[in-house]
Amino acid sequence: MKFLPLFLASLLIPLFMTSCGDGDDDNEPSPSGTISVSTDSFDFNSDGGTASFTFSAPGEWDAAASDSWIKIKKSNTLERDGKVELTVEPNTGRTDRTGSVTLQSGASRTRVTVTQKGKKPAPADPSIKVPEGHELVWNDEFDGVELNRSDWTHEVQGPGWVNNELQTYVNTAYDGKLVTEVSDGTLKINCFKAADGKICSGRIYAHLNSGWKYGIFEASIKLPKGKGTWPAFWMMPVNNDWSVTPWPKCGEIDIMEEVGYNPEYTSSSIHCEAYNHMIGTQKTAERLTPGAQADFHIYRLEWTEDYIRTYVDGKMLLNFANDSKGNISTWPFTRAFYPIFNLAWGGDWGGAMGVDESCLPAVMEVDYLRVFQKK
């Protein structure tokens, strides 16, 4: 190695020092100090809302929310004095939740806690008997003049869609006649023959896109009369992918069915891959319900992770236990299901003894539908 003359070295050293110090301020030390906030916590009720807080930081700052239900708007991020506005979305769940907004300025950090109460059940009508250990999470007493479209969805399908049934399911009305109507405190599902010869009826879903997982589902129903009628109160899984879990693998819970040629014998059934009527293995129970076509009777499902049980007027009809094997073919009832009311005409079961059109119009009448879940 060759050495530079001493006087040249003394000239170059300041140049190297100048070069290393030029350029951006990337290597400047981070601001020191602490972040002082006007408040360190917020409490919101289940409805959510807005709030804001101010603070002083050592220098430039940024903020981030811990959860998607907390939205923030930042002001003056390049200044030492800043402001954050919060928007908290409604909490539709039953449990309280906690999140936060984290502030950072250089090496300094601080956190503002955001807590929100869970949604409380609406005060129950004192006339509604709530099962012990449960709460009323949703109900329709049909006290208005029409169905609440945010709660109910009509099916629209032609004859032969399922079970070789003869009716056409329409949305609300056909040829000026209602297939579903709310009047005098009850829901009526009407099955009638239209002027063009179509047999029209209603099939409606409660909370089609959300449903409920586990709970007690109870309806008070008066059944129609006539050979050919096939009323049902039942449940199917929410957002089912039919290409992955086709029927009956997806599961089906039939709380109440009756066919007009066998009047007032009401039945409950469970359908899944291992147990279904296509292979003669369905789990079904049937019993005479005297006056089922003349008066209202209460049909109930109790569904837990351990069993499915149905009742008629408080007396158990079907008891189907979870075999606890974790096998979808025997117990697919591990996700939310939605309730269904429909009045079919004819079909594989309803029309097994023929149909009598002189019985039309026929009416299935529902006094209420209530859903309870454990507290």
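Over region 207-356, what is the mean sequence separation of C-alpha contacts under 8 Å (at least six apart), divided by residue count, expressed as relative contact order in percent?
It rounds to 35 percent for region 207-356.
For region 272-375, what does the relative contact order come out to in percent, with C-alpha contacts under 8 Å and a separation of six or more?
The normalised contact order for region 272-375 reaches 19 percent.
Could you please state, rounded to a whole Å, how far the C-alpha centre of region 153-187 is from the C-alpha centre of region 275-353?
If you average the Cα positions of each part, the centres end up 22 Å apart.
Enumerate the amide H contacts of residue 227 below 5 Å, restricted to partners 5 or more residues apart or on another chain; note that Pro and chain-start residues carry no placed amide H.
Sorted by chain and number, the residues that satisfy this are 356.
Which links in 213/315; 188/283; 119/375; 283/375 stretch past 18 Å when you go from one Cα to the other?
213/315; 188/283; 283/375
Can you give me the % of accessible surface on the chain that is carbon or sulfur? Probe 1.4 Å, all protein chains present, nothing else counted.
50
Which of these, 201, 36, 268, has the largest mean-square fluctuation under a Gaussian network model of the chain (Cα springs below 10 Å)?
36
For residue 117, give me every one of the aspartates and glutamates with a C-alpha distance below 13 angstrom, ignoring sequence neighbours fewer than eight places off in its own chain.
Output for residue 117: 43, 47, 89, 96.
Compute the acute angle (0 to 90°) between the alpha-carbon long axis of helix 6-21 and the principal axis of greatest extent of the alpha-carbon atoms of the chain; round to the nearest 10°.
30
Calculate, for the chain, the solvent-accessible area per residue in square angstrom, rolling a 1.4 angstrom probe over the heavy atoms of the protein chains.
Averaged over the residues of the chain, the accessible area is 52 Å².
Say R0 is 45 Å: what FRET efficiency, to the nearest 0.05, do residue 241 and residue 104 get from their beta-carbon distance?
0.60
Residue 113: net charge of surrounding residues, Cβ under 13 Å, Lys/Arg +1, Asp/Glu -1, itself excluded?
-2
Residue by residue through region 183-194, which ³J(HN,Hα) values in whole Hz follow from phi under the Karplus form 6.51 cos²θ - 1.76 cosθ + 1.60 (θ = phi - 60°), with glycine and proline marked x?
7, 6, x, 9, 9, 10, 9, 9, 10, 8, 9, 7
Measure out, as a whole number of angstrom, how far apart the alpha-carbon centroids of region 40-114 and region 203-226 sit.
The two parts, judged by their Cα centres, are 42 Å apart.
For residue 282, what charge total do you get from the other residues with a beta carbon under 10 Å from its beta carbon, if Lys and Arg give +1 and Asp and Glu give -1?
Charge balance in the 10 Å sphere: -1.
Hey, can you grab everything whose amide H is under 5 Å from the amide H of residue 114? Only 5+ residues off in sequence or another chain; H modelled, so Pro and N-termini drop out.
So residue 114 has HN proximity to 42, 99, 100, 101.
At R0 = 22 Å, how high is the FRET efficiency between residue 286 and residue 322 if r is their beta carbon distance? Nearest 0.05 is fine.
Working from the Cβ atoms, E equals 0.45.
For Cα extents along the principal axes in Å, pick the label among (i) 62, 54, 37; (ii) 119, 55, 46; (iii) 56, 55, 44 that corresponds to the value derived from the coordinates.
Of the labelled values, this structure produces (ii).
If you average the sequence gap of Cα pairs under 8 Å that are 6 or more apart and divide by the length of the chain, what percent do you get for the contact order?
17
The values are calculated or read from the model by the stated rules, or taken from the named source; none is laboratory data. Here the structure is a predicted model, which is why all the values come from computation and not from measurement. Cβ atoms come from the backbone with ideal geometry, glycine included; neighbour counts cover every protein chain shown. Just the protein is used for accessible areas: all its heavy atoms, side chains included, with ligands, DNA and RNA removed. Shrake-Rupley method; radii C 1.70, N 1.55, O 1.52, S 1.80 Å.
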